[in-house]
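Working notes for the structure below.
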């Protein structure tokens, strides 16, 4: 379905939900709908209806629940997805009404009793007991019966055209597979971790597995049945090979493994059935499971091991050569060889493992097959394996381990292939009749070879590597560095994206392995590189790195993948942690290429910094990374040199002056907009890297007041365009971050207050303008409105928690910037629905921490809010208490704790009679009066917290327990009732725990004001 149709369908759905006849129309669809999709539409409408912020009456929700239960019971042929959707409606009604009371009963708590009316089996809590009993009494017999019937089937002449015979064989094989896939211990393995699964066969099944006839049966079935059925036999064998080791004694395990290996040998000697993709895939899984479950020392002791390992090697080589056939199955073959080679150092037996013979052949087959696929892919227009980088990197990681077995053979092969292809490439470049197709083929091969070199160099392990291996790495690396020179010499006329990405991959692997570590200065890798290239140590390598980075940024500005990867590489180099990286930075800043970048970071030298229409606005995002790395390098020797900083900022100064002139003259809107987006991203990168007070002050003095007013003007003009407002708002949010105490200005400096005033202006301007947009469609509300609001909230939270502004000064001197930004916060908040607050993760993770700051330090503002605003905020806290995101739930708990603590302290002061008459706080009195008018708000939150601690797996128990004491002290009567209800609802064996809590903690909560003590109690309360 296209986007327009989906939007139209969504619109119709929303109109149906808002219709007064929604329930009757849903009932009509369920009862008279002719398709399952009509029933699904009705279920979706009901789900959205019961999830609305303003809930339906309790009686109506009960009617909906009962109707759905009866409907499901009376419609046995409903589509599975319709049943699932209707069950979700019941689940939502139950969850959202968990605390609903009707006639003194928690009406939605008896879900099991309600479901039992039409589900005629035991409680869900007994399901595991049923499964265990079934496993112990019946499952073994079912498996034996299925195997017996399969033997009888195999004993008769098989007629492939007989559909009944095929159907019987299929069902029996599925039955065996389901028996072996049974959840034997009540802890099903993650299906995504296929190669790590072990089948926990019960001990009383040993006799079945010890009989050689059992395995022989399934191997015979594989050879006898057609592919559709034989792959089921292989799936069963995969499970047999995964049987837990402890089921056998050592001799029994060796015998069992011998039977498995014998079967593998038979399959590989008669490989016709493996031409079927299903059989091939299952057989590859089977081979991988052999090494997952058995040690290499056990495999080499098997009688047929030498023949079988040769057959497996030939099978793997053939599979790799047919790279286009079942590529997903190659993962299992490489897993087998990777684990076998990794186990070589731990083999204690005298029997030869023969991996030194076959592992190099596997590596050779993979390398040559990938080189041979290049011309086929290019000439036939096939999908290039290199485009699937996730799969390529996964396979290269596996191959890396295999290649280190007999590394000399691998390196010799790679050197030979690299030299051959590089020479052919040079000939093509210098040929009078250049063939673009042949050049592209050679570049594709070179890209693969560079990836191989980078993988093998990056796979160096300190405890297994030798000087000879390091020298080989140097031999390989020389060729890549020479290729870099060859490729760069062709610029700007030609460039190949795949080769460039491969080179960047190699440089990063070389950096991780041989650059920076003090132990590598004496490495033999530099000996050969010194002879060929004059690169004697990592200083020269760093020069090569930086030259390559500058070259890419200069000449490949239109290739976003190369620019992005180059900047990421530069960013990795600029990170000054740990200590040896700090030394690395000191070396970097002495390199001429780095000095050139620091002095010439303009679009003239680096076209990707340009603002022409040739670049999309999304391409400008990479500028932030560029300036972050560049500023880190600047900071190495900057100190307090303001002139140096001014020189560095000069290109940005020129750009800001240009924007100012545009604003004051003809006002070319598109040009000014693009320049400002770029500047905002540049400045955000710079601000992110400035983590000292001195350097940050330089930036603040540079931007304030002249240029920050330009940003304010942009927000006012282009508030409808997130592409412009988002970078500017993110820049302001970064400015407000007091990271490493960088905003702790001198005591005589007003900069902290000035910065907050500017942030206040921007947030107020954006908030007022964005609210003028009115109602937005669902697909526009986040990008046009909620995203900007979330950034504003993040900026405000950073300001309130930064500890660099004394907010009392504003009121003292009649400055309304603080009050204005708080009012803007309220206006923006009221324009957002409660469901959106929790639905959009970035919004919830900015709003709730901000609310925590406000309740902690600005309760006078909270108490001054109108009742409807207070209800909105407290409702949002109540809903956030049960959020899955711990950031949200913890912030809600903290906010609630600050509120109830404020109330309790106010009550305590009010009750004291001192000699000096104290005026009762009007703020506290106002909040207290509101809570007295709406007692159900705090009571509901106490119920939520109690249920969370007692019945749920609480991941942030300390945070949840914090507000509990204050809630109990403020609502002791309700707490007594809630406690009684909770205890009554529990089974007899759990009531004792709750009674203990009542007697030792809750009977006199004022003696337990220590929250830590309360947390320890809540730990013991969880049931």
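The values are calculated or read from the model by the stated rules, or taken from the named source; none is laboratory data. None of the values given here were measured: they were computed from a predicted structure. Cβ placement follows ideal geometry from the backbone for every residue including glycine, while neighbour counts extend to all protein chains displayed.
From 666, 655, which residue is more than 24 Å from residue 584 (Cα to Cα), in a helix (DSSP H, G or I) and either at pLDDT below 95 or under 40 Å from the mean Cα position of the chain (by Cα) (or both)? Step through it out loud before you land on a result.
Numbers: 666 fails: in a helix (DSSP H, G or I).
Answer to the check: 655.
Which one of the conditions (1) modelled with pLDDT under 85; (2) assigned to a helix (DSSP H, G or I) does residue 545 fail to meet, given that it meets all the rest?
Here residue 545 meets the rest and fails (1).
In this structure, is residue 814 at pLDDT 90 or above and under 32 Å from the mean Cα position of the chain (by Cα)? It would help to see each step written out before you state the result.
Details: at pLDDT 90 or above: yes; under 32 Å from the mean Cα position of the chain (by Cα): no.
No, not satisfied.
So which residues in the range 412-433 are farther than 17 Å from residue 483 by Cα and surrounded by 12 or more Cβ atoms within 10 Å (Cβ to Cβ), if there are any at all? Write out each step before concluding.
Start the filter on the range 412-433 by keeping residues that are farther than 17 Å from residue 483 by Cα, which leaves 412-413, 431-433.
Residues satisfying the conditions are 412, 413.
Sort through 275, 249 and tell me the only one that's in the same structural domain as residue 144 (by TED's automatic domain parsing), farther than 22 Å from residue 199 by Cα and either surrounded by fewer than 22 Cβ atoms within 10 Å (Cβ to Cβ) or in contact (Cβ under 8 Å) with a residue 40 or more places away in the chain (or both). I'd like the intermediate steps shown before the answer.
On the way: 249 fails: farther than 22 Å from residue 199 by Cα.
From the options 275, 249, the qualifying one is 275.
If you check every pair at least six apart or on different chains, which have Cβ atoms under 7 Å apart with a residue in the range 144-166 that is outside the structural domain of residue 202 (by TED's automatic domain parsing) first and a residue that is surrounded by fewer than 16 Cβ atoms within 10 Å (Cβ to Cβ) and not in a helix (DSSP H, G or I) second?
Going by the 7 Å Cβ cut-off, there are no qualifying pairs.
Under 35 Å from the mean Cα position of the chain (by Cα) and closer than 28 Å to residue 746 by Cα: which single residue out of 725, 692, 697 fits that description? Outline the logic, then answer.
Working: 725 fails: closer than 28 Å to residue 746 by Cα; 697 fails: under 35 Å from the mean Cα position of the chain (by Cα).
Matching residue, one of 725, 692, 697: 692.
Of everything in the range 493-513, what is at pLDDT below 85 and in a helix (DSSP H, G or I)? Give them in sequence order. Quick ask: steps written out before the conclusion?
Residues of the range 493-513 at pLDDT below 85: 493-495.
None - no residue of the range 493-513 is at pLDDT below 85 and in a helix (DSSP H, G or I), so the list stays empty.
Any residue in the range 619-634 that is in contact (Cβ under 8 Å) with a residue 12 or more places away in the chain and over 22 Å from residue 688 (Cα atoms)?
Going through the range 619-634, the residues in contact (Cβ under 8 Å) with a residue 12 or more places away in the chain turn out to be 619-634.
Filter once more, keeping what is over 22 Å from residue 688 (Cα atoms): none.
So far as the range 619-634 goes, no, none of its residues is in contact (Cβ under 8 Å) with a residue 12 or more places away in the chain and over 22 Å from residue 688 (Cα atoms).
Provide a single number: the residues in the range 52-75 that are closer than 14 Å to residue 86 by Cβ and assigned to a helix (DSSP H, G or I). Before the answer, list the steps.
Our first condition is that a residue be closer than 14 Å to residue 86 by Cβ; within the range 52-75, this holds for 64-75.
Going one step further and asking which of them are assigned to a helix (DSSP H, G or I), we end up with 64-74.
Total satisfying the criteria: 11.
Here is a yes/no grid of residues against (1) surrounded by fewer than 16 Cβ atoms within 10 Å (Cβ to Cβ); (2) in contact (Cβ under 8 Å) with a residue 60 or more places away in the chain; (3) in a loop (DSSP other than H, G, I, E, B):
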site: 702; (1), (2), (3): no, no, no
site: 748; (1), (2), (3): yes, no, yes
site: 765; (1), (2), (3): no, no, no
site: 779; (1), (2), (3): yes, yes, no
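Within the range 318-339, is even one residue touching a residue at least 12 places away in the same chain (Cβ under 8 Å), over 29 Å from residue 447 (Cβ atoms) and surrounded by fewer than 19 Cβ atoms within 10 Å (Cβ to Cβ)?
The answer is no, given that none of the residues of the range 318-339 is touching a residue at least 12 places away in the same chain (Cβ under 8 Å), over 29 Å from residue 447 (Cβ atoms) and surrounded by fewer than 19 Cβ atoms within 10 Å (Cβ to Cβ).
Taking residue 54 as the residue in question, decide whether it is more than 25 Å from residue 951 (Cβ to Cβ) and at pLDDT below 75. Give the steps one after another, and end with the answer.
Values: more than 25 Å from residue 951 (Cβ to Cβ): yes; at pLDDT below 75: yes.
For residue 54, the condition - more than 25 Å from residue 951 (Cβ to Cβ) and at pLDDT below 75 - is met.
Scan (1) over 22 Å from residue 657 (Cβ atoms); (2) modelled with pLDDT of 95 or more for the single condition residue 694 breaks and write down its number.
Residue 694 satisfies every listed condition except (2).
Please state which of the following conditions residue 783 fails to meet, knowing it meets all the rest: (1) surrounded by fewer than 18 Cβ atoms within 10 Å (Cβ to Cβ); (2) in contact (Cβ under 8 Å) with a residue 60 or more places away in the chain; (3) within 28 Å of residue 902 (Cα to Cα).
(3)
Tally time: how many residues in the range 436-468 are surrounded by fewer than 13 Cβ atoms within 10 Å (Cβ to Cβ) and modelled with pLDDT of 85 or more? Steps first, answer last, please.
From the range 436-468, those surrounded by fewer than 13 Cβ atoms within 10 Å (Cβ to Cβ) are 436-437, 461-464, 466-468; that's our starting set.
Next, only the ones that are modelled with pLDDT of 85 or more stay: 436-437, 468.
Residues meeting the conditions: 3.
Specify which of the listed residues (282, 307, 213) is closer than 24 Å to residue 179 by Cα and surrounded by fewer than 17 Cβ atoms within 10 Å (Cβ to Cβ). Break it down stepwise before answering.
Values: 282 fails: surrounded by fewer than 17 Cβ atoms within 10 Å (Cβ to Cβ); 307 fails: closer than 24 Å to residue 179 by Cα.
The match here is 213.
For every residue, the table says whether it meets (1) more than 24 Å from residue 934 (Cβ to Cβ); (2) crowded, with 21+ Cβ neighbours inside 10 Å; (3) without any contact (Cβ under 8 Å) to a residue 24 or more places away in the chain.
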{"position": "820", "(1), (2), (3)": "yes, no, no"}
{"position": "830", "(1), (2), (3)": "no, no, no"}
{"position": "840", "(1), (2), (3)": "yes, no, no"}
{"position": "848", "(1), (2), (3)": "no, yes, no"}
{"position": "871", "(1), (2), (3)": "no, no, no"}
{"position": "878", "(1), (2), (3)": "no, no, no"}
{"position": "891", "(1), (2), (3)": "no, yes, no"}
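Residue by residue through the range 195-211, note down the ones that are closer than 19 Å to residue 290 by Cβ and modelled with pLDDT of 55 or more. It would help to see each step written out before you state the result.
Step one: list which residues in the range 195-211 are closer than 19 Å to residue 290 by Cβ, which gives 195-201, 209-210.
197, 198, 199, 200, 201, 209, 210, listed by residue number.
When only residues in the range 636-662 that are without any contact (Cβ under 8 Å) to a residue 40 or more places away in the chain and crowded, with 19+ Cβ neighbours inside 10 Å count, which is nearest to residue 704 (Cα to Cα)?
Restricting to residues being without any contact (Cβ under 8 Å) to a residue 40 or more places away in the chain and crowded, with 19+ Cβ neighbours inside 10 Å, the top hit is 652.
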